[in-house]
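The values are calculated or read from the model by the stated rules, or taken from the named source; none is laboratory data. From a predicted model like this one, the values you see are computed outputs, not experimental measurements. Here the Cβ positions follow ideal geometry from the backbone for every residue, glycine too, while neighbour counts run over all protein chains shown.
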Amino acid sequence: MSETSKKPQTDSNFSEKMTDILNYGALNLAMSIGYQLRLFDVMDEMSRPATAAAIASAAGLDTRYVTEWLAVMVCGGIIDLHADDSGQDIYDLPKSHADMITRRAGNANLGVYTQEIPLLTTCAMKSVVKGFTSGDGVGYEHYPKFQQFMTELADAKHQQVLVDIFLPSVDDGRLIQRLQSGIHVCDLGCAEGIALILMAQAYPGSAFTGIDVSGDVIAKATRTAAEMGIRNIRFLQRDAASLEDIREFEGSFDYITAFDAIHDQTRPMDALKNVRFMLKPNGLFSMVDIAASSYLSENRLHPMGVFLYTVSLMHCMPVGLVDGGAGLGMMWGRDRAVDMLKSAGFDHIDVTEIPNDSFNLHFLCKIC
Ligand SMILES: C[S@@+](CC[C@H](N)C(=O)[O-])C[C@H]1O[C@@H](n2cnc3c(N)ncnc32)[C@H](O)[C@@H]1O
């Protein structure tokens, strides 16, 4: 090794980048605390600059903690710092920022995602670090808080998009006509049944079956549907990869959906083959999954590539590795998804973007 190669090289660009990484990582954590405590919403409602004591009081929180949190937000450029007439510090959340990080922001709310990495850290940091040595997966049971968070996100998204925007877009509106006339629908990986319940309410003449491997979510979905008095729905606890032994399922569904529910599975190929097994001739399968490329060289340019790969590393990949599973990870991407759908027996696959949902792609599979 030459003398020069031993000397530390100073790369000022990378040094700046490291400073950004440390600052933004810390800022994300502090923002997630503020989001959880509704501090952004409170400041937005105050709609004028206020002292730390006034903000703490409006939020029902401790002034010293809020003051320290405000310092992070000011240094991070989230909140503006001014002085009142007496020279006291007052803080302002600009409306243009509030429009993107408060609960009232709806679909544009990016603030809610600040919670994702801290939650995953709490749930799975130790197990994931262990996985690097053992290669073992990490079971869903490690992630109860994260699952609850994802359910809230999915709930908000399905409420806004599913019935009014997504379903009418399927098969150029023909699905809606079939749903109105009465068909059999199945949702794989239905979790607490949010999507299925919305569909069952909108189309009372059709029959809906929800399948999930988790007994807890199936029990909750069943309870919710019963409490709401919805009769055209049933929920079954089953592994989507082991449905081929249910003879009544063979060729019995007109429409099957899987919302964000294939890439996490330990045996996704078997699950896709079972979709094919369960569909009627003329049946449709909507797989909604992350909008990404199957090639790292292309995902490198994805504006949220770091974030999405980290969520995959901390959750999607390890849950998919349990029991020697496939561990596809969230960023399996469009080409790999299409290849797997073809191998499962789908000969006609249409991949489209979804209005109001830039995170996902719609893989519409038809049996021709
Ligand atoms: C990310 S959640 C998606 C939930 C729901 N589809 C939605 O839109 O919010 C993935 C779901 O797939 C379920 N799941 C994972 N592996 C499964 C399997 N092998 N069979 C059936 N469900 C499975 C999980 O229990 C979880 O409820």
### Query
Given the conditions (1) closer than 25 Å to Ile230 by Cα; (2) assigned by TED's automatic domain parsing to the domain that holds Asp80; (3) of a type in the set (A, V, I, L, M, F, W, C), and given that Ile101 satisfies all but one, which numbered condition is not satisfied?
(1)
#### Entry: Matching residues, region 234-293, being without any contact (Cβ under 8 Å) to a residue 12 or more places away in the chain and not charged (D, E, K, R)
Ile246
### Query
If you take the residues in region 160-215 that are within 11 Å of the ligand (Cβ to nearest atom) and of a type in the set (Gly, Ala, Ser), which one is surrounded by the most Cβ atoms within 10 Å (Cβ to Cβ)?
Gly210
### Message
Criterion first (over 22 Å from Cys316 (Cα atoms), in the same structural domain as Pro355 (by TED's automatic domain parsing), part of a helix (DSSP H, G or I) and in contact (Cβ under 8 Å) with a residue 60 or more places away in the chain) does Val163 satisfy it?
### Response
no
### Task
For Arg223, work out the one condition from (1) within 23 Å of the chain's Cα centre (by Cα); (2) of a type outside the set (Phe, Trp, Tyr); (3) under 22 Å from Gln147 (Cα atoms); (4) surrounded by fewer than 17 Cβ atoms within 10 Å (Cβ to Cβ) it doesn't fulfil.
(1)
### Query
Going by the structure shown, is Thr257 over 30 Å from Gln201 (Cα atoms), within 20 Å of the chain's Cα centre (by Cα) and either assigned by TED's automatic domain parsing to the domain that holds Leu198 or within 16 Å of the ligand (Cβ to nearest atom) (or both)?
no
#### Entry: Positions within region 311-368 being aromatic (Phe, Trp, Tyr) and closer than 18 Å to Ala154 by Cα, in sequence order
Phe359
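Just checking, does region 246-265 include any residue being out of contact with any helix residue (DSSP H, G or I) (no Cβ under 8 Å at 6 or more places or on another chain), surrounded by fewer than 18 Cβ atoms within 10 Å (Cβ to Cβ) and charged (D, E, K, R)?
Keep residues of region 246-265 that are out of contact with any helix residue (DSSP H, G or I) (no Cβ under 8 Å at 6 or more places or on another chain), which gives 246-248, 261.
Filter again for surrounded by fewer than 18 Cβ atoms within 10 Å (Cβ to Cβ), leaving 246-248.
Within this subset, residues satisfying the condition of being charged (D, E, K, R) are 247-248.
Yes, there is a match, as at least one residue in region 246-265 is out of contact with any helix residue (DSSP H, G or I) (no Cβ under 8 Å at 6 or more places or on another chain), surrounded by fewer than 18 Cβ atoms within 10 Å (Cβ to Cβ) and charged (D, E, K, R).
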### Task
Please state which of the following conditions Val185 fails to meet, knowing it meets all the rest: (1) outside any helix (DSSP H, G or I); (2) of a type in the set (Val, Ile, Thr); (3) modelled with pLDDT under 95.
(3)
### Query
Within region 98-155, restricting attention to residues that are outside any helix (DSSP H, G or I) and in contact (Cβ under 8 Å) with a residue 24 or more places away in the chain, which residue is nearest to the chain's Cα centre (by Cα)?
Tyr143
### Query
If you check Asp239 against the conditions, is it within 15 Å of the ligand (Cβ to nearest atom) and part of a loop (DSSP other than H, G, I, E, B)?
yes
### Qualifying positions in region 226-236 - loosely packed, with under 13 Cβ neighbours inside 10 Å and either near the ligand (Cβ under 10 Å from one of its atoms) or among the charged types (D, E, K, R) (or both)
Glu227, Arg231
#### Entry: Hey, Thr19 assigned to a helix (DSSP H, G or I), more than 21 Å from Gln88 (Cβ to Cβ) and out of contact with any Asp or Glu (no Cβ under 8 Å at 6 or more places or on another chain) or not
yes
### Message
Cβ-Cβ under 6 Å, sequence separation 6+ or interchain: first residue in region 35-57 and within 12 Å of Met73 (Cβ to Cβ), partner in a loop (DSSP other than H, G, I, E, B). Which pairs?
### Response
Phe40/Thr102; Met43/Leu93
